[in-house]
């Protein structure tokens, strides 16, 4: 399945989870619900995927974690904050570069306007 098709399905599940749970919960709640919804759809979903940092020839296991990885093609980084900050955008871009995944979605569930809080990111380094 192409990344565009995956992000379409993922966005649908984001809206379903948001409409069911509403804003204001912990990120882990949305992560678990998203994983459940998309596993039901038959997608391969991994959560809290370890992401090592390579510094020169040294591999550092410093605890970076991808919230959700779909079909090894799309990263979803979940937030539940008052407002997305620039550092959140930088975080998902860094995860895309380190993992060499092409597409990511940054999602903030703690909002009354979900559409404006789903941001698609593209890894331009591939």
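Which pairs have Cβ atoms under 6 Å, sit 6 or more apart or on different chains, and link a residue in the stretch 67-84 that is closer than 13 Å to residue 4 by Cα to one that is assigned to a strand (DSSP E or B)?
Final answer for the pair search is 70/45; 74/103; 75/66; 75/69; 75/104.
Taking only pairs six or more apart or across chains, which ones have beta-carbon atoms under 8 Å, a first residue in the stretch 12-24 that is outside any helix (DSSP H, G or I), and a second residue that is surrounded by 13 or more Cβ atoms within 10 Å (Cβ to Cβ)?
Cβ pairs passing all conditions: 23/80; 23/109; 23/110; 23/111; 24/80; 24/110.
Please tell me if residue 119 is closer than 24 Å to residue 21 by Cβ, out of contact with any helix residue (DSSP H, G or I) (no Cβ under 8 Å at 6 or more places or on another chain) and not in a loop (DSSP other than H, G, I, E, B). Give the steps one after another, and end with the answer.
Details: closer than 24 Å to residue 21 by Cβ: yes; out of contact with any helix residue (DSSP H, G or I) (no Cβ under 8 Å at 6 or more places or on another chain): no; not in a loop (DSSP other than H, G, I, E, B): yes.
Considered against the rule, which asks whether it is closer than 24 Å to residue 21 by Cβ, out of contact with any helix residue (DSSP H, G or I) (no Cβ under 8 Å at 6 or more places or on another chain) and not in a loop (DSSP other than H, G, I, E, B), residue 119 comes out as no.
Would you say residue 66 is surrounded by 18 or more Cβ atoms within 10 Å (Cβ to Cβ), in contact with a strand residue (DSSP E or B) (Cβ under 8 Å, 6 or more places away or on another chain), under 20 Å from residue 110 (Cα atoms) and modelled with pLDDT under 95?
Details: surrounded by 18 or more Cβ atoms within 10 Å (Cβ to Cβ): yes; in contact with a strand residue (DSSP E or B) (Cβ under 8 Å, 6 or more places away or on another chain): yes; under 20 Å from residue 110 (Cα atoms): yes; modelled with pLDDT under 95: yes.
Yes: the conditions hold for residue 66.
Of all residues in the stretch 55-107, count the ones that are under 12 Å from the mean Cα position of the chain (by Cα) and part of a helix (DSSP H, G or I).
Final tally of qualifying residues: 7.
Return the only residue of 76, 81 being touching a strand residue (DSSP E or B) at 6+ places or on another chain (Cβ under 7 Å) and surrounded by 19 or more Cβ atoms within 10 Å (Cβ to Cβ).
Just a single option satisfies the conditions, and that option is 76.
Given the condition exposed (fewer than 11 other Cβ atoms within 10 Å of the Cβ), under 20 Å from residue 1 (Cβ atoms) and modelled with pLDDT under 95, answer yes or no: does some residue in the stretch 104-114 qualify? Steps first, please.
Here is the first cut: in the stretch 104-114, the residues exposed (fewer than 11 other Cβ atoms within 10 Å of the Cβ) are 112-113.
Next, only the ones that are under 20 Å from residue 1 (Cβ atoms) stay: none.
There is no residue in the stretch 104-114 that is exposed (fewer than 11 other Cβ atoms within 10 Å of the Cβ), under 20 Å from residue 1 (Cβ atoms) and modelled with pLDDT under 95.
The values are calculated or read from the model by the stated rules, or taken from the named source; none is laboratory data. Worth saying up front: this structure is predicted, and the values here are computed from it rather than measured. As a convention, Cβ positions derive from the backbone with ideal geometry for all residues, glycine included, and neighbour counts pool all protein chains shown.
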